[in-house]
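A quick write-up on the structure given underneath.
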Amino acid sequence: MGIVTVATTPQSPLHDLDSSVDEDDTGDDAVRRSAGVGESSRASRHWWDRNADEYQDEHGEFLGDDRFTWCPEGLDEADARLLGDVSGRDVLEIGAGAAQCSRWLAARGARPVALDISYRQLQHSRRIDLGRGTAPVPVVQADAAVLPFADASFDLACSAYGAVPFSADTERLMREVHRVLRPGGRWVFSVTHPIRWAFPDEPGVEGLTATSSYFDRTPYVEQDENGNATYVEHHRTLGDRVRELVAAGFRLIDLVEPEWPADLEQEWGGWSPLRGRLIPGTAIFVTERG
């Protein structure tokens, strides 16, 4: 089975969320401004197609080929078991990148499908499968807010820093996940902890002073010289997330805020031992379909 392309949101390297205009390392302007559904989706697809190689080179060792880790804090599903028993279950991984989580699920008897908006990320999934000589993970290229599956197709859905922060319409995304899940199915996803949007995305002491309002939902946008978005990330408060999940028909079972491990010294963008031991970096929502 090749890469199925259906439609034209990814894994997060949360950028500097200071409210002032800045310039990223590509020369694009970094601003806070509105960004709609189409603009956000296009920016995500192009950004990840352009940066997938660098991302996998930089983070591939940490992610592994078949490791299911929820966050830069290193909380693994093998220990957390937030999805419950996966054996014999149909599982949709949303914003799968190179499908590392799906590969872990398959090794434990699940039947995963890995979905990502980036064709290049899914090519890395194929590269890993070919290199391992194992059966390829089924992959689909599509936007998470327009899932190309029939109602009640999956027992479980998961996303480790994929899709949710990049979607302009997460209310619709949550309804779509609810639609494709079977009754009682779990939807578990991790995102940057919303409180981090109040702080600069820096690993050192400069990242410990709040510079923006937690309640400012204005998207973070990188744009080229013509004002076209090249990267977009959207902020929702904890309350926003809970309300959109409940409105979609989910029941919140748990909200996990992983603590920084004492023995973890590795930095990942703005995630660092210094910040991680003082403020939460990740929020994991564990929900169940009604």
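Within segment 141-196, being surrounded by fewer than 21 Cβ atoms within 10 Å (Cβ to Cβ), part of a strand (DSSP E or B) and among the small types (Gly, Ala, Ser) holds for one residue alone: Gly184.
Applying the condition of being crowded, with 20+ Cβ neighbours inside 10 Å and outside any loop (DSSP other than H, G, I, E, B) to segment 197-219 and asking which residue is nearest to the chain's Cα centre (by Cα) yields Trp197. Among the residues of segment 85-128, those that are polar (S, T, N, Q) and assigned to a loop (DSSP other than H, G, I, E, B) comprise Ser87, Ser118. Kindly establish whether Leu82 is under 17 Å from Trp268 (Cβ atoms) and modelled with pLDDT of 95 or more. For Leu82, the condition - under 17 Å from Trp268 (Cβ atoms) and modelled with pLDDT of 95 or more - is not met.
Checked against (1) farther than 16 Å from Leu75 by Cβ; (2) surrounded by fewer than 18 Cβ atoms within 10 Å (Cβ to Cβ), Glu259 meets all criteria but (1).
Yes or no: Arg236 basic (Lys, Arg) and assigned to a loop (DSSP other than H, G, I, E, B)? For Arg236, the condition - basic (Lys, Arg) and assigned to a loop (DSSP other than H, G, I, E, B) - is met.
Apart from one condition, Glu222 fits all of (1) assigned to a loop (DSSP other than H, G, I, E, B); (2) farther than 30 Å from Gly290 by Cβ; the exception is (1). When restricted to residues that are out of contact with any helix residue (DSSP H, G or I) (no Cβ under 6 Å at 6 or more places or on another chain) and either of a type in the set (D, E, K, R) or within 17 Å of Met174 (Cβ to Cβ) (or both), segment 115-147 contains 7.
Residue-by-condition table, conditions (1) among the aliphatic types (A, V, I, L, M); (2) closer than 25 Å to Trp104 by Cα; (3) surrounded by fewer than 17 Cβ atoms within 10 Å (Cβ to Cβ); (4) at pLDDT 95 or above:
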{"site": "Gly2", "(1), (2), (3), (4)": "no, yes, yes, no"}
{"site": "Thr8", "(1), (2), (3), (4)": "no, no, yes, no"}
{"site": "Asp24", "(1), (2), (3), (4)": "no, no, yes, no"}
{"site": "Val37", "(1), (2), (3), (4)": "yes, no, yes, yes"}
{"site": "Ala52", "(1), (2), (3), (4)": "yes, yes, no, no"}
{"site": "Phe68", "(1), (2), (3), (4)": "no, yes, no, yes"}
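Just one of the listed residues (Phe199, Phe215) is in contact with a Gly (Cβ under 7 Å, 6 or more places away or on another chain) and hydrophobic (A, V, I, L, M, F, W, C), and it is Phe199.
The values are calculated or read from the model by the stated rules, or taken from the named source; none is laboratory data. Owing to the predicted nature of the structure, the values given are computational and were not obtained by experimental measurement. Glycine gets a Cβ as well: all are built from the backbone with ideal geometry, and neighbour counts include every protein chain shown.
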